[in-house]
1. Could you work out how far apart the two model spin labels at residue 148 and residue 122 are, taking each label as a point 7 Å from the Cα in the direction of the beta carbon, and quote it in nm?
2. Leaving out ligands, DNA and RNA, what percent of the accessible area of the stretch 1-84 is carbon and sulfur, probe 1.4 Å?
3. Hey, rough spin-label estimate for residue 132 and residue 34, points 7 angstrom out along Cα→Cβ, what's it come to in nanometres?
4. Report the extension gain between residue 14 and residue 61 in nm, rounded to one decimal, defined as 0.36 nm multiplied by the number of residues separating them, less their alpha carbon distance.
5. Summing Lys, Arg as +1 and Asp, Glu as -1, what charge do residues with Cβ under 9 Å from the Cβ of residue 120 carry, residue 120 excluded?
6. So if each residue of separation counts as 0.36 nm, and I subtract the Cα-Cα distance between residue 102 and residue 47, what length gain in nm does that give?
7. Sort the following peptides by mean Cβ neighbour count (other Cβ atoms within 10 Å, averaged over residues), highest first: 24-31, 120-127.
8. Note down, for the stretch 14-153, the three equivalent ellipsoid semi-axes (square root of 5 times each alpha carbon gyration tensor eigenvalue), biggest first, whole angstrom.
Amino acid sequence: MNANFNKLTKLPETIGFELINLKKLAVNSNKLIFLPRSITHLTSLRVLDARLNCLRALPEDLENLINLQILNVSQNFQYLQNLPYSIGLLISLLELDVSYNKITTLPDSMGCMKKLQKLSVEGNPLVSPPAEVFEQGLHAVKGYLSEKMNGGHKSPPKKKSWVGKLVKYGTFSGYTLRGTSNGEREGFFISEYRSIDGLASPRHIGMFSPRRLFSPGRSVKKYVPRDDARATPRERRGILRVREGTRPEFAVQRQNCFLVVICIQRSGLEAESQ
């Protein structure tokens with residue numbers, strides 16, 4: 001299909017659905033701003049010539065053009081600034097001409113274009129790949145883009161285990177087991193293991209006695225019954241605060257601690273009976 005040297009500003013939106021067997025589409029020397037998205041459905045298309053237009057962008061799904069061999073979008077001058085990533089997925093493309101546009105970067109995906117034999121990029125303010133790479137030829141350009149694409153997908157560095165920090169500062173009494181050649185993961189080995197049941201023995205039960213927990217020398221203040229008429233003025237002020245709800249935590253803490261002591265004493269008795 002030849003529609004060159006006209007004043008076309010757009011193509012029919014349904015062109016890709018109506019001309020499914022089209023093999024060549026030449027629309028150069030027009031005033032096209034965009035190519036219709038349906039053009040990506042022309043799976044039999046082999047040549048697409050859209051040079052000398054005002055193209056702002058190319059369709060995103062170019063990889064559907066599996067038989068496309070020649071693509072020419074040159075001389076769109078200041079309008080065409082970017083190429084879609086899908087242009088590197090044109091598996092059958094042999095010639096690509098994007099010269100005399102305003103393209104600064106070629107997509108990394110172009111490093112996968114194994115069949116590409118001719119690439120024209122002159123007349124563009126290219127930054128990537130740099131000029132010295134183009135001087136080495138097409139093979140160097142594809143290698144540069146391929147390395148850049150692979151380099152952008154590096155695996156994140158392995159985070160250090162927080163257990164290692166405990167070992168470093170002596171908090172954790174164990175040593176590290178490194179991975180072996182069989183692919184075993186890193187682990188930690190504890191040299192000694194002591195059961196926590198020892199805290200329930202009669203030797204340690206005094207640590208949790210009510211007298212030790214609620215002695216006047218401790219940070220927990222003495223609890224005074226609300227109706228004790230013999231309380232000192234300071235104790236009365238404490239009673240008043242408990243009644244007003246400002247310091248109810250003393251009574252709750254006392255009850256909870258008694259429950260802990262009862263549970264520990266019971267477990268200690270059971271251990272001795274066994």
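The values are calculated or read from the model by the stated rules, or taken from the named source; none is laboratory data. Owing to the predicted nature of the structure, the values given are computational and were not obtained by experimental measurement. Virtual Cβ from ideal backbone geometry, glycine too; neighbours counted across all protein chains shown. Protein only, heavy atoms only, side chains kept; ligands, DNA and RNA dropped before computing areas. Shrake-Rupley method; radii C 1.70, N 1.55, O 1.52, S 1.80 Å.
1. So the two model labels end up 2.1 nm from each other.
2. Carbon with sulfur: 52 percent of the solvent-accessible area.
3. 4.1 nm
4. That pair, residue 14 and residue 61, stretches by 15.4 nm at full extension.
5. Neighbour charge sum, excluding residue 120 itself: -2.
6. 17.5 nm
7. Ranking, from highest mean packing down: 24-31, 120-127.
8. That gives 25, 17, 12 Å for the three semi-axes.
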